[in-house]
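**Student:** This structure is in structure tokens; I'll ask about it shortly.
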Amino acid sequence: MTGRRAGPPQARPDPLGGSLAVLGERGAVIHRRVGILLYDNVEALDFAGPYEVFTTATRMQARLAPGAAAPFSVCTVSRDGGHVRARAGMVVQTDHAFHDAPAIDVLLIPGGVHDTAMKDAVTLQWLAHTAARCEIVASICTGAFLLAAAGIADDAPLTTHWEDLADLRTAFPRRSVVDGVRWVEHGTIVSSAGIAAGIDMSLHLVERLAGRALAERTARQMDVRWLDTP
């Protein structure tokens, strides 16, 4: 992992009710860096929703267990760094280019109009290289196309937005494509359906990596009705 372990945090009363020993159920805090791929025509909520989940989880950890190690830090990465124009025109400043991106523990691949990115050898090579060193690789919506095109875990089943399931099967006939689920998990590989499902999946990853208590508190802070089963 990119960070350090710390002892179990002390419980602190939650101002919204109850008392949570955040991450205490795991016995230690392990810091993980979450890296989110950005590219031109990425879907804004596909990356912004998960970004909010992991940053909110870290804020809640700091509020409920002051002094404990931060469970997550989040950065955005694009091919060349600088600005990326998301779908519908939002301009986003990325934190890193591929060449100066830090080590990543959790790689998130959001969807969008992905055709150009999927044909870009540099992007696919970076994804494959980075994924091989990650604890978890997760796609949101049509990010599954990029995950598959990069040849990441060819045996892992994938899902995507309901409208794109048939295209995913056609493009990658050897991959198992699952419909009727919000996300599908196969060891280190996780993929979700569209926008809102990506938020649910991200909360699931908070639970998986940092405990149920923090995931529930994060969802509450975000006013999200977390659908916590696929």
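**Student:** Say we look at region 178-223 and pick out the residues that are closer than 21 Å to ASP154 by Cα, polar (S, T, N, Q) and in contact with a helix residue (DSSP H, G or I) (Cβ under 8 Å, 6 or more places away or on another chain); which of these is surrounded by the fewest Cβ atoms within 10 Å (Cβ to Cβ)?
**Tutor:** This residue is SER191.
**Student:** Yes or no: ALA65 farther than 27 Å from ALA213 by Cβ and touching a helix residue (DSSP H, G or I) at 6+ places or on another chain (Cβ under 9 Å)?
**Tutor:** On the way: farther than 27 Å from ALA213 by Cβ: no; touching a helix residue (DSSP H, G or I) at 6+ places or on another chain (Cβ under 9 Å): yes.
Criteria not met by ALA65.
**Student:** Residue pairs, Cβ under 6 Å, 6 or more apart or interchain, first in region 32-60 and within 24 Å of ALA213 (Cα to Cα) and outside any helix (DSSP H, G or I), second at pLDDT 95 or above and among the charged types (D, E, K, R). List them.
**Tutor:** Short answer, once both residue conditions are applied: ARG32/ASP105; ARG33/ASP105.
**Student:** Let me ask something else. Residues of region 71-89 being modelled with pLDDT of 95 or more and hydrophobic (A, V, I, L, M, F, W, C), which ones?
**Tutor:** Correct list: PHE72, VAL74, CYS75, VAL77, VAL84, ALA86.
**Student:** Can I ask one more? Inside region 129-153, can you point out the residues that are surrounded by 23 or more Cβ atoms within 10 Å (Cβ to Cβ) and either of a type outside the set (Phe, Trp, Tyr) or not in a helix (DSSP H, G or I) (or both)? Walk me through it before giving the result.
**Tutor:** Of the residues in region 129-153, the ones surrounded by 23 or more Cβ atoms within 10 Å (Cβ to Cβ) are 137-148, 152.
Across region 129-153, the qualifying residues are VAL137, ALA138, SER139, ILE140, CYS141, THR142, GLY143, ALA144, LEU146, LEU147, ALA148, ILE152.
**Student:** Quick check on ALA219: is it free of Cβ contacts under 8 Å to residues at least 40 places away in the same chain and closer than 19 Å to SER73 by Cα? Full working, then the answer.
**Tutor:** Numbers: free of Cβ contacts under 8 Å to residues at least 40 places away in the same chain: yes; closer than 19 Å to SER73 by Cα: yes.
Judged against the criteria, ALA219 is a match.
**Student:** Then there's this: Select from region 186-229 the residues that are assigned to a loop (DSSP other than H, G, I, E, B) and of a type in the set (D, E, K, R) and write down the one among them that is nearest to ALA65 (Cα to Cα).
**Tutor:** ASP223
**Student:** Evaluate region 85-100: report whether one residue or more is in a helix (DSSP H, G or I), touching a residue at least 40 places away in the same chain (Cβ under 8 Å) and in contact with a helix residue (DSSP H, G or I) (Cβ under 9 Å, 6 or more places away or on another chain).
**Tutor:** Applying the first criterion (in a helix (DSSP H, G or I)) to region 85-100 yields 87-89, 98-100.
Then drop every residue that is not touching a residue at least 40 places away in the same chain (Cβ under 8 Å), which leaves 87-88.
With in contact with a helix residue (DSSP H, G or I) (Cβ under 9 Å, 6 or more places away or on another chain) added as a condition, the list becomes 87-88.
Within region 85-100, one or more residues are in a helix (DSSP H, G or I), touching a residue at least 40 places away in the same chain (Cβ under 8 Å) and in contact with a helix residue (DSSP H, G or I) (Cβ under 9 Å, 6 or more places away or on another chain).
**Student:** Taking the stated definitions as given, is VAL91 on the phi < 0 side of the Ramachandran plot and buried (at least 17 other Cβ atoms within 10 Å of the Cβ)? Quick ask: steps written out before the conclusion?
**Tutor:** Details: on the phi < 0 side of the Ramachandran plot: yes; buried (at least 17 other Cβ atoms within 10 Å of the Cβ): no.
Spelling it out, it is not the case that VAL91 is on the phi < 0 side of the Ramachandran plot and buried (at least 17 other Cβ atoms within 10 Å of the Cβ).
**Student:** Could you check PRO230 against (1) in contact with a Lys or Arg (Cβ under 8 Å, 6 or more places away or on another chain); (2) under 30 Å from ARG63 (Cα atoms); (3) modelled with pLDDT of 95 or more and say which number it fails?
**Tutor:** (3)
**Student:** Please enumerate the residues belonging to region 154-170 that are assigned to a helix (DSSP H, G or I), surrounded by fewer than 21 Cβ atoms within 10 Å (Cβ to Cβ) and not acidic (Asp, Glu).
**Tutor:** TRP162, LEU165, ALA166, ARG169, THR170
**Student:** Okay, next question. State all residues of region 41-87 that are surrounded by fewer than 22 Cβ atoms within 10 Å (Cβ to Cβ), closer than 18 Å to GLY112 by Cβ and of a type in the set (D, E, K, R); if no residue qualifies, say none.
**Tutor:** Within region 41-87, GLU52, ARG79, ASP80, ARG85, ARG87 meet the criteria.
Here's the yes/no breakdown for (1) farther than 23 Å from ALA149 by Cα; (2) touching a strand residue (DSSP E or B) at 6+ places or on another chain (Cβ under 7 Å):
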| position | (1), (2) |
| --- | --- |
| ILE30 | yes, yes |
| MET60 | yes, no |
| ALA65 | yes, yes |
| PRO71 | yes, yes |
| THR76 | no, yes |
| GLY89 | yes, no |
| LEU107 | no, yes |
| GLY111 | no, yes |
| ARG133 | no, no |
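**Student:** Return the only residue of HIS129, HIS161 being farther than 24 Å from ARG79 by Cα and of a type outside the set (Asp, Glu). Please lay out each step first, then the result.
**Tutor:** Values: HIS129 fails: farther than 24 Å from ARG79 by Cα.
Going through HIS129, HIS161 in turn, just one is farther than 24 Å from ARG79 by Cα and of a type outside the set (Asp, Glu): HIS161.
The values are calculated or read from the model by the stated rules, or taken from the named source; none is laboratory data. Since the model is a prediction, treat every value here as computed from it, not as a measurement. FYI the Cβ positions are ideal-geometry reconstructions off the backbone, even for glycines, and counts take in every protein chain you see.
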